[in-house]
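Every read-out reported here was derived from the displayed coordinates using simple, explicitly stated rules and does not represent laboratory data. For clarity, every value in this text was computed on a predicted model and none was experimentally measured. All Cβ positions, glycine included, derive from the backbone under ideal geometry; neighbour counts span all protein chains shown.
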Amino acid sequence: MFKKLCLLCFLVLPLLAACGRNRSEDPGSTLNTNITVNNDYPDDSHQNGEEYTPISDIPQHNDYIVALEVDPEARTVHGLSRITFTNRTGVPLETIVLRVFLNAFDPTIYPRPYPTDFEWRLYNPDTDRGHMTIEFVSVNNEELHYTLDGTILVIELEEPMEPDTTVQLRLQYSAYVPKLAASIGGNASAMWLGMFLPTIAAHMGDGWLTYAFYPVGSPFLMETANYQVYITAPIYYTVVGTGHRTEEIIYDTDIKITRFSATMTRDFAFAILSPLYNHVSITTESGVEINFHYNPESILMQRRVEDVLEFARYSMEHFEQVVGVYPFGQVTIVETDMLLDSVAFSQLIFADSRHLRHGDLADLAHSIGNQWFAGVVGTNRITEPWLDNGLTRFVQTTMLHNTPELLNEYMWQIHGSISHRTGLLLADGLWAYTEHEEFVAAQRYRAMLMLYQLMRRMGEENFWLLINRYYQTFSFRIATAADFISIAEEIYEDSLETFFTMWMFQDAVPPLR
């Protein structure tokens, strides 16, 4: 039985004390006598004991220090976050906005965060659909008024926050996570929590971006940040998540604290796994460790383990070869029960058990590719979803259909499946779709056809130069379709306006040439 750890003694008091410190001071000794906070962020001269060379044009990042207490039996999470936030918008801010995505599953929220025809697969009968409650908010140790409307948490500042100034936010919250086949959810053996933490919303031009949790695609626009997360759970559970992981057992108790340190990541996700889970790993040629956590109850899964690992390694190596170096040391795959075949987060992939046991693993390769496009290179996945979904899928397709003849044959098959349809516009955002199939036809298939035609027009060598330069230029930044097109024209040395206008805006699907 899980012996509850007192947040006051082990987690809350250390973080509260740290909040009052000046940022230049080292908060490590205040968090816990058994825990040291590591502030080896990119501004520092060393990382992991090695000399750190700053990458040019990388923006500064917000810092999150998070303490979570998880009770897997009750399916509850109690948390405290300290967020160091700098106003880089260039304008004074009267509010600070955060996103609380778990609340999208409240039945009163519209639109629903899933296609309507998938609801029967999403929930167990008579199950609470999950919620997060915000209990306390302060800025620079001053408690402030806030409102929580669905997934949007608005903190009202007493006076405008000027550009380039920094504040420390502190949030205390509690959540219930149901048995749910979504990016946040679980089953009898595990809890998986993607986009769970309250995080600062992106701010672009006109203000804070508070898009709905649309039914299809990945309705998230996240800026990179630094995370240090401490998760307390029963000693016999395994906790996996984004970033470098270490465990500490609290002696004379039945709990342990798992610590994660993640630098310049697009998000933080984690999973709590029961003792039923097994763990295996494999390493790529470049030294990236691929971890796979799976439930061995199925004989079929035991037989597929080696296939999953080898396929994951092959996919990682392909993306490194044609796109660019993967900047992190590991990626973790967790077997789950998901609505989709797999869902990717920074350095962590939740894969559905049916896909892992019976599928062709194509969606797993897609989630691995998302570590590059969506993870390292950020995009507005709401307004320009093809830029990560279609691009990732096309690069993956060149791996699975790895000769010009096979690729051409597959592209003609895709074209035949959608050429009779109209209204599949790449210029549409996620709000245009209520069904997953419509989204796939436009933002995946039509985008893949466009990129294939671009490859034929530019030539293979120039096309892969485009992909590599796009990745190198916008790593740890947020890119737009205009940025992608600009690099393509720079390499092609001619205008591609007519080409992209036809493929993105023309009602009918253009012919293949």
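Database remark: amide H of residue 377 closer than 5 angstrom to the amide H of 476 (H placed geometrically; neighbours at sequence offset of 5 or more, or on other chains; Pro and chain starts carry no H). If you average the C-alpha positions of region 137-203 and of region 366-408 separately, how far apart do those two centres end up, in angstrom? Using only Cα atoms to place each centre, the spacing works out to 30 Å.
So if I take the centroid of the Cα atoms in region 460-513 and the same for region 59-103, what is the distance between those two points in Å? Using only Cα atoms to place each centre, the spacing works out to 35 Å.
Only Lys, Arg, Asp and Glu carry charge here, each on its Cβ (+1 for the first two, -1 for the last two); on that basis region 385-505 has a dipole of about 200 debye about its Cα centre. Rg and Dmax of region 278-374, both derived from C-alpha coordinates alone, stand at 12.3, 37 Å. Hey, could you get me the Stokes-Einstein D for the chain, Kirkwood radius over alpha-carbon pairs, 37 °C and 0.692 mPa s, rounded to whole µm² s⁻¹? Translational D for this selection: 138 µm²/s. Can you bin region 246-297 into rounded, prolate or oblate? Criterion: square roots of the alpha carbon gyration tensor eigenvalues sorted a ≥ b ≥ c, rounded for a/c under 1.5, prolate for a/b above b/c, oblate for the rest. Oblate shape, in that a/c is at least 1.5 and b/c is the bigger or equal ratio.
Ordering 157, 394, 322 by the projection of their Cα atoms onto the charge dipole of the chain, which places +1 on the Cβ of Lys and Arg and -1 on the Cβ of Asp and Glu, puts 394 at the extreme positive end.
Among 258, 76, 151, the order by Cβ neighbours within 10 angstrom, fewest to most, reads 76, 258, 151.
Each residue in 410, 211, 110 was given a count of other beta-carbon atoms within 10 angstrom of its own, and listing them fewest first yields 110, 410, 211. Here the chain is assigned +1 on the Cβ of each Lys and Arg and -1 on the Cβ of each Asp and Glu. Its dipole about the Cα centre then comes out at about 920 debye. Before anything else, pin down the relative contact order of the chain: Cα pairs under 8 Å, at least 6 apart, normalised by residue count, whole percent. That works out to 13 percent.
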